[in-house]
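Each remark here refers to the structure printed beneath this line.
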Amino acid sequence: MTTSELTPELEARFAVARQVADAVLFEGYVLYPYRASAAKNRLRWQFGVLVPPAWGAEHDEHEFQHTECLMEPRAGATVAAELRFLHAQRRTVQQAREDGTFETVDELHLPDRVIVPWDEGAEERVTVLTTVTELSGDGIAVPFTRAAREETEPVLDADGRQVGRLVRRREEINGVVRLSAGEIGGPYRTMRLTAVVENTSTWAPDGPGADRDAALAHSLVASHLMLGLGAGSFLSMTDPPEWAKGAVASCRNLHTWPVLAGEPGRADLVLSSPIILEDHPAIAPESPGALYDSLEIDEILALRTAALTDQEKREARGTDDRAAAVIDLADSMPPEVLERLHGAVRALREVTEPGATASRTSPEDIAELPDGPAVVRPDTPWWDPAADASVDPLRDRILVDGQSVGAGSRVLLQPGLRRTDAQDLFLHGRSAQVEAVLHDVDGGVHLAVTVEGDPGADILREQGRFLYFQPDEVAPLTSLEDA
């Protein structure tokens, strides 16, 4: 039994997970300031792009995603898979002539928007419903095709007269979804589910001058997969039980990562995403709507969008319907909704271990939260340096390569021995002055430094804005007094 229709129960469970899957689908779809003319909107489609094999072989892009996860199905269980992706469609703009014909133009001006050529993303789904039994051995392969098509949409002015039209063209896309499962050794009946999505399009570039936009028209964009069990459960790939850690480590996940999805407390749904997520990801309840801007902070983005000029907003509205919705959202957001974006405490947990802080707390220092546990207010906030008199960032010293290092010491920066970022690597081999020795709550030590020769070092020092390195990322030099 292999069909393309989900049961009503599975459809209801998938609908919950699609709220997050939609965010994956449109992650980075259009970036602030939401205009096609913006430089960062000229290189698009960064997440989960599965290109035609002929293009991927020459340009180091992927034509497949490979997911492996563990499941404990019950007897006779069904497995559902739903592939979701965007099909890029090229939109050209044409202006109406007096003789009834149309002319392709770069811009079409209307009172509320400026329509320009743009590549839109049309949502596509491929759904497979089968049984665990059918997935044994080589499993099943479900090929799919999305045919080329062309559509036109009239553009009307305020009086209802046609002043132009939009022409949308999609190219053919071909692919296949492969599903298989096999039992693994262990104390319980556990199976490894393998799901592979491939772009099998035969399109090939005309020559060495072909650009990525031509390949994107034949690509699966923002591709991700949802997997559901009719009866049984999946194991978490990020926090598996002890007995399954070895099996989880042996799973291969290429260009995607599976996490438990759907309602918290359930484990019968997996979202395999090109973006790394945690188990049971959810849309923040404070979020007023999709902003599409690839991990930007909602509050800052909403404020900056509302501050665009009227002309910039006209251009954004003409770029894409989703960009227009963002502009309208920012313009209509009431103050109380914007304030809600300023920050949120997701959870409070009670401290159960007795300690000195708890023993010194008097009843008047305890505040009852509505319908929640008591929260202890210490005498000194955790962020105040006086909260822990055992440390003093300006006087503490540590040993680095057998030499005492503290505020005033000179060190040679050697990032790269541990995890680091590109900005730190630019400073490799530079000398710096240690401004403070800091201890974190986990017992780690960090050196706050300013780079010698930096003309802005005095200003940064006054503002307390330093660079931070761990002891094994520096080497001692002579002190400033001896220099």
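The values are calculated or read from the model by the stated rules, or taken from the named source; none is laboratory data. A quick note: this is a predicted structure, and the numbers were derived from the prediction, not measured. Please note: Cβ atoms are built from the backbone with ideal geometry, for glycine as well, and neighbour counts cover all protein chains shown. The area values use the complete protein model at the heavy-atom level, side chains included, leaving out ligands, DNA and RNA. Shrake-Rupley method; radii C 1.70, N 1.55, O 1.52, S 1.80 Å.
The alpha-carbon atoms of region 243-288 define a convex hull whose volume equals 97 cubic angstrom per residue.
Taking a quarter of the surface of the Cα convex hull of region 213-291 gives a mean projected area of 7.8 nm². Over all directions, the projected convex hull of the C-alpha atoms in region 159-317 averages 16.4 nm² in area. Once backbone amide H atoms are built at 1.01 Å from N, L467 has V449 as its partners under 5 Å, excluding neighbours fewer than 5 places away on the same chain.
Computed over the alpha carbons of the chain, Rg followed by Dmax gives 28.4, 88 Å.
Evaluating 6.51 cos²θ - 1.76 cosθ + 1.60 at θ = phi - 60° for every residue in region 189-204, the Karplus couplings come out as 6, 10, 10, 9, 9, 10, 10, 10, 10, 10, 8, 10, 4, 8, 4, 9 Hz, glycine and proline recorded as x.
I need the peptides 333-343, 424-434 ranked by packing, meaning the mean over residues of other C-beta atoms within 10 angstrom, with the highest value on top.
Numbers: 333-343: 12.5, 424-434: 16.9.
Answer by packing, highest mean first, reads 424-434, 333-343.
What the pair-distance distribution of region 138-205 shows, using all Cα-Cα distances binned every 10 Å from zero, is 16, 24, 19, 16, 13, 7, 4, 0 percent. A Stokes-Einstein calculation at 25 °C with viscosity 0.890 mPa s, built on the Kirkwood radius of region 215-257 over Cα pairs, returns a diffusion coefficient of 185 µm²/s.
In percent, how large is the relative contact order of the chain, given Cα pairs closer than 8 Å and 6 or more residues apart?
Numbers: 941 pairs, mean separation 78.0, N = 483.
About 16 percent, as a whole number.
Taking only protein heavy atoms and a 1.4 Å probe, the accessible area of region 107-242 is 45% carbon and sulfur. Can you give the FRET efficiency to the nearest 0.05 for T92 and R266, using r as the Cβ-Cβ distance and R₀ = 56 Å? My answer for the efficiency is 0.75.
Treating only the Cα positions of region 121-250 as identical point scatterers, give the base-10 log of I(q)/I(0) from the Debye formula at each q in 0.10, 0.15, 0.18 Å⁻¹. One equal scatterer on each Cα of region 121-250 leads to -0.55, -0.89, -1.07.
What helices does the chain have that are whole DSSP H segments, at least 15 Å long along their own axis by Cα, and with mean Kyte-Doolittle hydropathy of 0.0 or more? Present the calculation step by step, with values, prior to reporting the outcome.
Numbers: long enough: 8-25 (23 Å, 0.41); 321-332 (16 Å, 0.32).
Flagged H segments are 8-25, 321-332.
With 23 Å as the cut-off, how large is the P(r) tail for region 45-141, expressed as percent of Cα-Cα pairs?
Details: 2622 of 4656 pairs.
Every Cα pair in region 45-141 considered, those over 23 Å come to 56 percent.
With θ taken as phi - 60° and the Karplus curve 6.51 cos²θ - 1.76 cosθ + 1.60 applied, the whole-hertz 3J(HN,Hα) list for region 274-281 is x, 10, 5, 10, 9, 4, 6, x Hz, x standing for glycine and proline.
How much of the accessible area of region 250-313, in percent, comes from carbon and sulfur atoms when a 1.4 Å probe is used?
The computed percentage sits at 56.
Leaving out ligands and nucleic acids, note down the accessible area per residue over the chain with a 1.4 angstrom probe, in whole Å².
Numbers: 26320 Å² over 483 residues.
Heavy-atom accessible area per residue stands at 54 Å².
Seen from R170, the other residues with C-beta closer than 13 Å to its C-beta sum to a net charge of -2, counting Lys and Arg as +1 and Asp and Glu as -1.
Here the 3J(HN,Hα) profile of region 131-147, calculated from phi with Karplus coefficients 6.51, -1.76 and 1.60 at θ = phi - 60°, is 10, 4, 4, 5, 8, 5, x, 6, x, 10, 10, 10, x, 8, 9, 10, 6 Hz, Gly and Pro shown as x.
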